[in-house]
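Shown next, in structure tokens, is the structure this report addresses.
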Amino acid sequence: MKIRDIYGELPTLTTDRLLLRKFAVGDAEDMFEYASEPVVSRFVPWEPHNTIQDTYEFLNLIHKQYQEGKIAPWAIEFKQTKKVIGTIDFVAWSPIHSRAEIGFILSKDHWGKGIILEAATKVIEFGFNKMKLNRIEAPCMVENIQSQRVLQKMGMKLEGISREKYFIKGKYRDMAMYSVLRNEHLQN
């Protein structure tokens, strides 16, 4: 399977409360609202968006990925308000090894409501069923206890800690590596 086979036309996924879809240019204000919050980007490699122009530039990059059939994120739209409240995607995919890395970001206004668990459950199902993955992994800064809890609720297991694995925001970061395998997922 090739990346373009899946991402040539990113499919829309739905859950009870969410629509996971391609980003549109009209989503810039919604994205800027959460991407400009320092607390939201605290545990990710990118800096908060300082201006709406930063958000437009990021959306242009995403649209280029869509056009080129590369892995690209889904917008997390809250159906009730039709507002984009986050992003979820496979940030890396190795078809030859049937492995992908999941990543997500969510507006702080929606933390603690099970939104990421709901979105990730759908994306993980998509990964195992459509992308034919055997392993889905998620590295997480050890300080990010909230995300680690979410990863555990997704059925992921802690494999270990990679010491000073990434240089992020001015210092080396220890990363907790979580994963779930196809056969484990099927058992749940």
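Please verify whether residue 124 is open to solvent by less than 30 Å² (accessible area, probe 1.4 Å) and part of a helix (DSSP H, G or I), treating the condition exactly as stated.
Yes: the conditions hold for residue 124.
Provide a single number: the residues in the range 98-117 that are buried (at least 16 other Cβ atoms within 10 Å of the Cβ), farther than 18 Å from residue 36 by Cβ and among the small types (Gly, Ala, Ser).
Number of matching residues: 3.
State all residues of the range 27-49 that are loosely packed, with under 15 Cβ neighbours inside 10 Å and modelled with pLDDT of 95 or more; if no residue qualifies, say none.
Matches in the range 27-49: 29 only.
When the range 130-147 is examined, which residues are found to be more than 20 Å from residue 99 (Cα to Cα) and either assigned to a helix (DSSP H, G or I) or of a type in the set (D, E, K, R) (or both)?
Within the range 130-147, 143, 145, 146, 147 meet the criteria.
Within the range 50-74, count every residue that is within 14 Å of residue 31 (Cα to Cα), of a type outside the set (A, V, I, L, M, F, W, C) and surrounded by fewer than 16 Cβ atoms within 10 Å (Cβ to Cβ).
Residues in the range 50-74 being within 14 Å of residue 31 (Cα to Cα), of a type outside the set (A, V, I, L, M, F, W, C) and surrounded by fewer than 16 Cβ atoms within 10 Å (Cβ to Cβ): 6 in total.
Which condition breaks for residue 144 when tested against (1) open to solvent by 30 Å² or more (accessible area, probe 1.4 Å); (2) farther than 20 Å from residue 15 by Cβ; (3) not aliphatic (A, V, I, L, M)?
Failing condition for residue 144: (1).
Filter the range 148-188 for residues that are in contact with a Leu (Cβ under 9 Å, 6 or more places away or on another chain), open to solvent by less than 90 Å² (accessible area, probe 1.4 Å) and assigned to a helix (DSSP H, G or I) and give the result.
Result: 148, 150, 151, 182.
Looking at 20, 10, which is the one that is in contact (Cβ under 8 Å) with a residue 24 or more places away in the chain, under 26 Å from residue 97 (Cβ atoms), open to solvent by less than 80 Å² (accessible area, probe 1.4 Å) and assigned to a strand (DSSP E or B)?
Answer to the selection: 20.
Restricting attention to the range 149-185, and to residues there that are out of contact with any helix residue (DSSP H, G or I) (no Cβ under 8 Å at 6 or more places or on another chain) and of a type in the set (A, V, I, L, M), which single residue is modelled with the lowest pLDDT?
168
Please enumerate the residues belonging to the range 75-97 that are free of Cβ contacts under 8 Å to residues at least 60 places away in the same chain and open to solvent by 30 Å² or more (accessible area, probe 1.4 Å).
If the condition is that a residue be free of Cβ contacts under 8 Å to residues at least 60 places away in the same chain and open to solvent by 30 Å² or more (accessible area, probe 1.4 Å), then 81, 82, 83, 91, 92, 96, 97 are the ones that fit.
Considering only the range 170-188, how many residues are closer than 16 Å to residue 103 by Cβ and either touching a Pro at 6+ places or on another chain (Cβ under 6 Å) or basic (Lys, Arg) (or both)?
3
The values are calculated or read from the model by the stated rules, or taken from the named source; none is laboratory data. These figures come from a predicted structure and were not determined experimentally. Here the Cβ is made from the backbone with ideal geometry for all residues, glycine too, and neighbour counts use every protein chain on show. With ligands, DNA and RNA removed, areas are computed over all heavy atoms of the protein, side chains included. Shrake-Rupley method; radii C 1.70, N 1.55, O 1.52, S 1.80 Å.
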